[in-house]
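Read through the structure below, which is laid out as structure tokens, and then see the notes.
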Amino acid sequence: HPLSEIPGPKPLPVVGNARDIDTKRLIQSVMELADRYGRIFQLHTPAGAMYIVSGLEMVQDVCDDARFDKLVGTGQRQLRETHQSAGLFTADTTDPLWKSAHDILLPSFSTWAMKGYVDPMVDIAQQLMLKWERLNPEEPIDVAGDMTRLTLDTIALCGFGYRFNSFYRDTPHPFVEAMLGSLTEGVKRQRMLPIQIKLRRGAQRRFLANSKYMDDTIDAIVKERRASGEPGTDLLGHMLVGTDKEGNTLPDHNIVAQCGTFLIAGHETTSGLLSFAISYLLKHPEVVARAQDEVDRVLGTDPDAAPTVAQIGQLGYVRQILDETLRLWPTAPAFTRQPRSPGETVGGYGPFDPGTGVIALTPMLHRLPEVWGEDAREFNPDHMATERLDALPPNAYRPFGSGQRACIGRQFALQEATLVLGMLLQRFELVDHADYQLKIKESLTIKPEGLTITVRPREGRT
Ligand code: HEM
């Protein structure tokens, strides 16, 4: 079928479908349109047509690495532009440094390498536990705020041995301020035309200054590490000594870019995952009871015993809770693909050419009733039981993207989130003190808005 037959809301002259989308609720607006227009639909923007897919057949097409590749979108391009080098997340697949860095970093993110990150992960997780243990009983906890402190500190410690000490500060570390400033600007620019971006001179100056501050800070850490003669066993250590298949090492400017990328790609997504999981647990006491049984059996009831990598692997039901959370609210809710050659088809529609973005909208892909059953829109960790996962059609569950450009930090994020949720359930009852109703806050990623809880120590645990 020709592209003109792809359904979609009727565009207006010049502004296209701008009126069909609420930019503050971009993902949710697009999800509502997917409900209305189906598994492939199109939207017109001043920058051109956009195609959004959530049907299995279409997602299977765009996930085929032989025919499709990642398209680095405007927001991601903006984020890389002010740095000397592109990190894995924002690089084009054709950038030789993407391949080099991918080859060098894969072993550092393997199952085997995860053992090395357990101690620093537990270190930061214990800071969170201590903070919650010391709160007065009625004191509300800003869940997403604390989870962001946790995930940022974890990736910085495991990544390059740096402590932001976010649990000991009221205001963010200056590096974190600079990073958040950059990210907010990058997200804003996603929705602007090049001319609008050019006109915002003050914003551009701040954007450049923030990027420079981030790069200089990491560069100093890299130089210090090199000078010490001890590369270390964190991600930075692996990058300093690692070689790609041709025997090349990464240049320092690229190592700096990778460290920045891990912080950006690795903190909001994992913090959103933990926050959404808690929001669901508040409404599902039967799931909490089953998870607590597992945690007590696997981790025991002594909170002073630090979990081991083997124990984390045995928290299968806690992991199902996290997998199910990522099904309903994958915290990086879309990824964009483009054809490798002209004339491609997606779900029988075409022709699609290189440079044309096809967006896989995972929250809708993950709600298909023919894959998950009639309760596809309900939270139920049994959806993630091993026998059901084994029977899934290919590409039906893609919270970490697809193929060679899929998330390199998947195991890292899941190990961290399983450990932290396990430790929380071992110690606390989570109290839904304000009868929380899920509302989504959108930025580069999504998270629950305004989620607060109180906690009570479980009997005999703290
Ligand atoms: C890529 C999701 C955690 C590092 C991606 C992509 C998704 C994703 C969907 C593909 C993006 C695209 O195609 O444009 C998530 C989710 C996470 C998570 C849901 C947590 C729950 C992490 C962590 C790290 C990380 C902890 C680092 C330690 C990366 C990198 C890429 C990436 C470097 C780019 C890989 C490449 O293209 O070579 N992630 N991520 N992510 N993620 Fe994650």
Residue span His253 to Ala209: 0.36 nm per residue of separation minus Cα-Cα distance leaves a gain in nm of 14.1 nm
The percentage of the accessible area of the range 198-239 (probe 1.4 Å, all protein chains present) made up of carbon and sulfur atoms, to the nearest whole number, is 55 percent
Among beta bridges assigned by DSSP with both residues in the chain, the antiparallel ones amount in percent, to the nearest 5, to 85 percent
In whole percent, the fraction of accessible protein surface over the range 1-92 that belongs to carbon or sulfur atoms, probe radius 1.4 Å, stands at 53 percent
Summing +1 per Lys or Arg and -1 per Asp or Glu among the other residues with Cβ less than 12 Å from Thr249's Cβ gives -3
For the range 344-462 the mean separation of alpha carbon contacts under 8 Å (6+ apart) over residue count, i.e. relative contact order in percent, is 15 percent
Taking R0 as 41 Å and r as the Cβ-Cβ distance between Asp22 and Lys131, the FRET efficiency 1/(1 + (r/R0)^6), rounded to the nearest 0.05, comes to 0.70
The summed charge of the Glu286 Cβ neighbourhood (under 14 Å; Lys/Arg +1, Asp/Glu -1) stands at -3
Heavy-atom accessible area per residue of the chain, all protein chains kept, 1.4 Å probe, expressed in Å², is 45 Å²
With the 8 Å Cα cutoff and a minimum separation of six or more residues, the chain has a relative contact order in percent of 24 percent
Of the accessible area of the range 375-462, computed with a 1.4 Å probe and all protein chains kept, carbon and sulfur make up a percent value of 45 percent
For the chain, the convex hull over Cα atoms projects on average to an area in nm² of 22.6 nm²
Karplus ³J(HN,Hα) for the range 324-339 (6.51 cos²θ - 1.76 cosθ + 1.60, θ = phi - 60°; Hz, whole; x = Gly/Pro) runs 5, 4, 6, 5, 6, 10, x, 6, 10, x, 7, 9, 10, 10, 9, x
With Rh as the Kirkwood radius over Cα pairs, the range 127-201 has Rg/Rh of 1.13
Rounded to the nearest 10 Å², the 1.4 Å probe accessible area of Asp69 is 20 Å²
About its Cα centre, the chain carries a charge dipole, from +1 on Lys and Arg Cβ atoms and -1 on Asp and Glu Cβ atoms, whose size in debye to the nearest 20 is 1520 debye
Between the modelled labels at Glu387 and Arg226 (7 Å from Cα along Cα→Cβ) the distance in nm is 5.7 nm
Between Lys10 and Arg297, the FRET efficiency computed from the C-beta separation at R0 = 56 Å comes out, to the nearest 0.05, as 0.45
Descending packing, highest mean Cβ count within 10 Å first, for 227-235, 52-60, 209-217, 395-403 is 52-60, 395-403, 209-217, 227-235
dims of the range 217-296, Cα set, principal axes, largest to smallest, nearest Å -> 53, 27, 24
Counting only DSSP loop positions in the range 93-177, the GluC sites (Glu not before Pro) whose Cβ has at most 12 other Cβ atoms within 10 Å are Glu138
Put His238, His383, His433 in order of accessible area, largest first, probe 1.4 Å, and you get His433, His238, His383
Binned at 10 Å from zero, the C-alpha pair distances of the range 149-253 give percents of 13, 34, 30, 20, 4
Per the 1/(1 + (r/R0)^6) rule, R0 = 35 Å and r from the Cβ atoms of Ala305 and Asp170, FRET efficiency to 0.05 is 0.65
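The values are calculated or read from the model by the stated rules, or taken from the named source; none is laboratory data. Model, not experiment: these values are computed from the prediction. Because the Cβ atoms are built from the backbone with ideal geometry, glycine has one as well, and the counts that use them run over all protein chains shown. To get the accessible areas, we keep the full protein, side chains included, count just its heavy atoms, and leave off ligands, DNA and RNA. Shrake-Rupley method; radii C 1.70, N 1.55, O 1.52, S 1.80 Å.
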